[in-house]
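Bear in mind these aren't lab numbers, they're just calculated from the coordinates by the rules spelled out. None of these values were measured; they are calculated from a predicted model. Every residue, glycine as well, gets a Cβ built from its backbone with ideal geometry; the counts of neighbours run over all protein chains shown.
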Amino acid sequence: MSIKEIEQQIVEEFSIFDNWMDKYQYIIDLGKSMPVIAEEKKKDENLIKGCQSRVWLDCRQEDGKLYFSADSDAIITKGIISLLIRVYDGHTPKEILDSEIDFIDTIGLRSNLSPTRANGLVSMLKQIKLYALAFNEINEESTATAEPSKENASDVPSDENATAGQHSPGKYTVEEVQKNVIRALKQVFDPEIPVNVYDLGLIYELRVEDNLNVYIKMTMTSPTCPMAEDVVNDVNNAVSDAPGVAGVQIELTFEPEWDESRMTEEARLELGLI
Amino acid sequence: MESAREEILSGVRAHVPALGLKMNGEPLVYLDNAATTQKPSTVLDFLSDALREGNANVHRSMYALSDRSTEAYEAAREKVRAFINAPSRENVVFTSGTTASINLVADTFCRRLGKGDVILIEADSHHSNIVPWQLAAERTGAFVKVIPTDVLLGIGRSGRVAAEEVDNLLDDKVKILAITQISNITGFLNPVSEIIAKAHAKGIPVLVDGAQGIVHGGVDVREMDCDFYAFSAHKIYGATGVGILYGKKEMLESLPPYMGGGDMVETVTYAKTTYAPLPLRFEAGTPNFIGAASLLPALEFAEYLSSGETGKVIKEEEARITGYMLERLTKDPLVELYGNPALCEGVCKAPIFTFNIKGINAGDLAQLLDKMGVAVRSGMMCAEPLLNSFGVPSALRASFAPYNTLEEAEFFVRCLDRARAMLL
């Protein structure tokens, strides 16, 4: 089942409860019946701290799919975690990265995922995505270094749903890939300024190596940008999907700090700065 | 008799519109008063009127509207002065909160400290009476020592501050004491006067964190003889973003300026500036003058709650609430109360109840209570070291204000039982 289908299933399960007590009792029971995580997994490096409760999260990959185990000292939090794990378990890193879950909202537990409740859930969701991102990168690298045995990568941009790392290296020159990457970067927009990251001058360094792995050093318009992670994700997704790209490595830096002078003339013209 | 009580209490509650709110479809039972209190209509109306008809910067200008605003600001300062029985308006500095008041003293007083000097704090402190001193210690090479609780000493489980230890801790190296009038976890009234007397006998000044104390019992700063007293307006029915620092005149005068800016100066040249007299020297920039002015109606409300027949009924009600809560929380073997007065002879307790039910996470309880309309705090209550000394990472806290009733306490306990049945 896809992530969306599992979400739908959960929403249907919850639709039978007509009062909050039954709903919470169900979540509490889910929390209680969740498999106990091994004590050695409850180590500090797996700990996500929240003021109200602590959450431990561990992740492993099998056959290209991710499996999570988690625990919390709060039973309601644990019940909600079990729902999240049910949704994400057994999916590829790419599927997880591309998903936007909304069932928590639909079943009326939105406040539990609010950043104002320091119960660890928000950080846990972020951590799930980070695991997916990390495994995604590892997978791409290993695909990229493997012998190019896959069938012809076409010249047209790959299908959006294609998994990253499908492009077959060897058919593209470094220069071609460079152009494709720039084209891809021009499709990623800054969340605050209506100009793409390339023309904004956020890309400090772009290097395509002989093996068609791409190294990008980039910045944000502000070191405190709350959307930094999303922008990096977007850049990663766009560049990964660019024809010919084997793997992507992105380094975020704030030195030197970005300023308006780094924008292209076109961008400045567009924003009415010149 | 009973109907007179009810009439008075419902009269009090009618002054506070938020007490009539519904949350999650249930009538709100607000028991997080140690975090902030709900506001009476007089304060709400004042804030609205002041923004409409009294908004001009203070101490600046030669026009009537500015006079009006400055008068309201200074009238509130006078009200605070009278409320805490300070000798003069010079002793009353407006800040942005208890935290800012403590930071002001920690930053400026501690500039005279050197390597090896000691700042003595209390084990039951709120983070805001710990961290500013640690920062000051880092800057100066001084270090922070702690007056322990009976729990830390291994001689008890009540969480009371072991004031008897102060004698051992007060050596020549100690340069200032920062203590707490009432703990925001245990609700215990600390023997503040006793500690101050000991410190003064050695010539050491004392700052008192009155964030909780100002509400439960109040303060007479001259009787207490503290050198500094810090509290927040919002915890005593006033606006948020306003704090008070009381200081003895000679103490405040001995402090260097804290923040530089407008209003705190006498004359400014590019080379040299002379500073305004007290209290404005510590009020750089445009203060939260409307919020500060709300202290006038806020403290009037506090006085109304503690005087006459109303004061008597509220006092009785508070005693009944405390008696009831202690009975329900201490007779239950699964409940661990942090700040159980039965474990400590002669201690007085404000109606602040922090506890855990064994095997249940406090956050879970708080969430289910919220569904039933009950607002309580869960977590560390910004007093992580004290909670950790009890061996727990978090707890649940129900804190009552004078406008709360015994019925609300009973409702809270019923809801607690219900939540616990769901979770166990």
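Numbers below:
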| read-out | value |
| --- | --- |
| Cα-based Kirkwood hydrodynamic radius, the range B:47-300, one decimal, Å | 18.8 |
| Lysine pairs meeting the criterion (Cα under 12 Å, 8 or more apart or interchain), as found in the range B:47-300 | 6 |
| Listed residues B:Glu316, B:Glu74, B:Glu283, most fluctuating in chain B (Gaussian network, C-alpha, under 10 Å) | B:Glu316 |
| Neighbouring partner chain Cβ atoms per residue of B:357-368, average, 10 Å criterion | 6 |
| Selection from B:Gln38, B:Leu153, B:Ile352 lying farthest towards where the dipole of the protein assembly as shown points positive, charges on Cβ | B:Leu153 |
| Cα-based helix-to-principal-axis angle, A:75-88 vs chain A, degrees rounded to 10 | 50 |
| Cross-link partners of A:Lys41 among aspartates and glutamates (Cα-Cα below 19 Å; sequence separation of 8 or more within a chain) | A:Asp58, A:Glu62, A:Asp71, A:Asp73, A:Asp89 |
| Under-5 Å amide H pairs with A:His91, H placed in peptide plane, nonlocal only | A:Leu66 |
| Straight-distance crosslink candidates among lysines, where the alpha carbon sits under 19 Å from B:Lys331 and sequence neighbours closer than 8 are dropped | B:Lys349, B:Lys358 |
| Distance from the range B:222-250 to the range B:347-424 (C-alpha centre basis), Å | 28 |
| Crossing angle, helix A:228-241 versus chain A [Cα axis fit, 0-90 degrees, rounded to tens] | 60 |
| Max mean-square fluctuation residue, GNM over chain B, Cα-Cα springs under 10 Å, options B:Gly210, B:Gly363, B:Gly97 | B:Gly363 |
| Derived scalar couplings ³J(HN,Hα) [the range A:125-142; Karplus, 6.51 cos²θ - 1.76 cosθ + 1.60; whole Hz; x for Gly, Pro] | 4, 4, 5, 4, 5, 5, 4, 4, 5, 5, 5, 4, 5, 4, 4, 5, 4, 5 |
| Separation of alpha-carbon centers, the range A:31-72 and the range B:251-299, rounded to whole Å | 52 |
| Chain B: DSSP helices with Cα axial extent of at least 27 Å and average Kyte-Doolittle hydropathy no lower than -1.0 | B:64-84, B:308-330 |
| Within a Gaussian network of chain B (alpha carbon springs, distance under 10 Å), most fluctuating of B:Pro40, B:Pro27, B:Pro279 | B:Pro27 |
| B:Ile121 long-range amide H proximity, modeled H, under 5 Å | B:Lys145, B:Val146, B:Ile147, B:Ala178 |
| Whole-number percent relative contact order across the range B:231-336, with pairs defined as alpha carbons under 8 Å at least 6 apart | 24 |
| Most positive-pole-ward Cα, B:Ala284, B:Tyr304, B:Val268, against dipole of the protein assembly as shown from beta carbon charges | B:Tyr304 |
| Ranked list, fewest to most other Cβ atoms within 10 Å of each Cβ, for A:Asp259, A:Asp58, A:Asp63 | A:Asp63, A:Asp259, A:Asp58 |
| Chymotrypsin sites (Phe, Trp or Tyr not before Pro), loop per DSSP, at most 11 other Cβ atoms within 10 Å - longest free stretch of chain B | B:64-269 |
| Number of partner chain Cβ atoms within 10 Å, mean per residue of B:417-423 | 3 |
| Qualifying chymotrypsin sites (Phe, Trp or Tyr not before Pro) in the range A:181-262, DSSP loop, other Cβ atoms within 10 Å at most 14 | A:Phe254 |
| Average Cα contact separation per residue, chain B, under 8 Å, 6 or more apart, as relative contact order % | 22 |
| J(HN,Hα) series, the range A:210-217, from Karplus relation 6.51 cos²θ - 1.76 cosθ + 1.60, nearest Hz, glycine and proline x | 4, 7, 6, 7, 10, 10, 10, 10 |
| Under 23 Å from A:Lys23, Cα to Cα: lysines that are on another chain or at least 8 residues apart | A:Lys4, A:Lys32, A:Lys78, B:Lys22, B:Lys371 |
| Separation between Cα centres of the range B:13-60 and the range B:63-113, rounded to whole Å | 22 |
| Amide H contacts under 5 Å for B:Val174, placed H, 5+ residues apart | B:Val118 |
| Chain A: angle of helix A:174-185 to the longest principal axis, Cα-based, in degrees nearest 10 | 50 |
| For the range B:24-34, 3J(HN,Hα) per residue [Karplus equation, 6.51 cos²θ - 1.76 cosθ + 1.60, θ = phi - 60°, Hz, x = Gly/Pro] | 6, x, 10, x, 5, 10, 8, 10, 10, 6, 6 |
| Likely footprinting exposure, B:Cys226, B:Cys110, fewest C-beta neighbours within 10 Å first | B:Cys110, B:Cys226 |
